[in-house]
Amino acid sequence: MAPRLEANVDLAAVRHNVALLAGAARESGAATMVVVKADGYGHGAVPVSRAALRAGATWLGVCTLEEALELRWAGITAPVLSWLHLPDEDFTPAVEAGIDLSVSSTRHLAAVLAGARRAGRPARLHLKVDTGLSRNGCLLHDWPDLLDAVEKAGEDAEVVAVWSHLAYADQPTNPTIDRQLVRLNEAWELARARGLNPIRHLANSAATMTRPDLHLDLVRPGIAVYGLDPLDRPVAESPLRPAMEFRGRVALVKRVPAGEGVSYGHEWTTPRETTLALVPAGYADGVPRRLNANGRMRVHLAGRIRPVVGRVCMDQVVVDCGDDEVHEGDVAVLFGAGGPTAQDWATELGTIHYEVATGVHGTRVRRTYSGE
Ligand SMILES: *Cc1c(COP(=O)(O)O)cnc(C)c1O
């Protein structure tokens, strides 16, 4: 029996998307790091990683040490880069597990080197340069000091890469992109002048798909791997295939007379006698309460798209089915094939599909896989 509430991830779609991205990178001579931070953008980091490695990716990227170690514990041996840390974290287990570590300051470097000494093996470093995002990364002004400290580390440090992250990748002709590339190259040249021979990486999904000149040695697509188009093209026009389908099963069906208020605050009243279907998915599960603030949330149920009526509650929504036949146990597609898309939700909410996909979680959403 299908779960009451389910985020189904189609791993065949993940493989399709990775093959496309890795194929484009390969044409530029670049390798592909699939980004599986935030539990694979809500799709499950381990299954997505395995699918991605089968489809042509050779690296994995994560945000935290815990996320990196989870991949190792699952038996994944591919290179993994972890990039957002506090300087007081213990890097020993990560170095022992052969995790590549991003470093953005001399303080962070010192912490990583302490871990390397405890682990008794060199730390594999990706030196991150802030080329104009002003988030993580070392400013060019402080770069020589960072290189001095790396030099001083001797055998404890192995510099794998110099890298950065773009501010405007979704606008492929934005002038900041070229400026960021110039600064990355400047930092890379300074590293090479010290006798280092690091690779370079810069491109996320959008840049991987639109700017082959930014592929450099390695690309780092995330969102596109999950089939969500970084350029916001509609599903029908995108070469990508959305991997996640969010669906729930109808818990209760009933005929309700005209003039009855529906859900908290009675924001909607039955205009006539109608059939209402209750779907057990609410804001605790990743259906944002704001999604139906304007009464525009839709689901695919019993053969067609139907409106959600009244407020989204913590645990449930109500679907108006008119005089159509609907049964308890029927599957309602919240987003995915036949229903609205994650992009539709994002548009309605004034956000991006990244937030929609990572928002589908909680103890009640069963994650299932198909296309294995
Ligand atoms: C999340 C992230 C990516 C992937 O970005 P997408 O836009 O999802 O492709 C790449 N690099 C870094 C540093 C990131 O934080």
Residue 135-residue 252 FRET efficiency (beta carbon distance; Förster radius 45 Å; 0.05 resolution): 0.45
Total charge dipole magnitude, the stretch 12-87, about the Cα centre, Cβ charges on Lys, Arg, Asp, Glu only, Debye to nearest 20: 240
Rg to Rh quotient for the chain, alpha carbon positions, Kirkwood Rh: 1.06
Ratio of the Cα radius of gyration of the stretch 252-372 to 2.2 N^0.38 Å, where N counts its residues: 1.05
Pair-distance profile P(r), taking every C-alpha pair of the stretch 154-236, with 10 angstrom steps and integer %: 17, 44, 26, 11, 2, 0
Fully extended contour minus Cα-Cα distance, from residue 363 to residue 328, at 0.36 nm per residue: 10.3 nm
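So what's the net charge close to residue 110: Lys and Arg +1, Asp and Glu -1, counting the other residues with Cβ under 15 Å from its Cβ?
Net charge in that neighbourhood comes out at -4.
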Within the chain: Cβ-based charge dipole about Cα centre, in debye rounded to nearest 20 (Lys, Arg +1; Asp, Glu -1): 300
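Residues with beta-carbon under 14 Å from that of residue 86, excluding residue 86: net charge, scoring Lys, Arg +1 and Asp, Glu -1?
Result for the neighbourhood of residue 86: -3.
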Of 206, 181, 116, farthest towards positive along the dipole that unit charges on Lys, Arg, Asp, Glu beta carbons give the chain: 206
Gained length - residue 264 relative to residue 90, 0.36 nm times residue gap less alpha-carbon distance: 57.8 nm
Label-zone membership for the stretch 83-125, site residue 194, 7 angstrom Cα→C-beta point, backbone N under 15 Å: 102-113, 123-125
Pair residue 284, residue 168: separation of 7 Å Cα→Cβ label points (nm): 4.4
Total charge dipole magnitude, the stretch 131-170, about the Cα centre, Cβ charges on Lys, Arg, Asp, Glu only, Debye to nearest 20: 240
Rough spin-label spacing in nm, given labels placed 7 Å along Cα→Cβ, for residue 337 and residue 176: 3.9
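State the extension gain, in nm to one decimal, for the chain segment bounded by residue 272 and residue 117, taking 0.36 nm per residue of separation less the distance between their alpha-carbons.
Computed gain between residue 272 and residue 117 is 48.4 nm.
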Helix-only mean residue ellipticity at 222 nm for the chain, each DSSP H run of n ≥ 4 adding -39500 (n - 2.57), per residue, nearest 500: -9000 deg cm²/dmol
Kirkwood hydrodynamic radius (C-alpha pairs) into Stokes-Einstein, the stretch 196-313, 25 °C and 0.890 mPa s, D in µm²/s: 137
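Only the coordinates and a few stated rules stand behind these numbers; no lab work does. Quick caveat, the model's predicted, so the values are computed rather than measured. Virtual Cβ from ideal backbone geometry, glycine too; neighbours counted across all protein chains shown.
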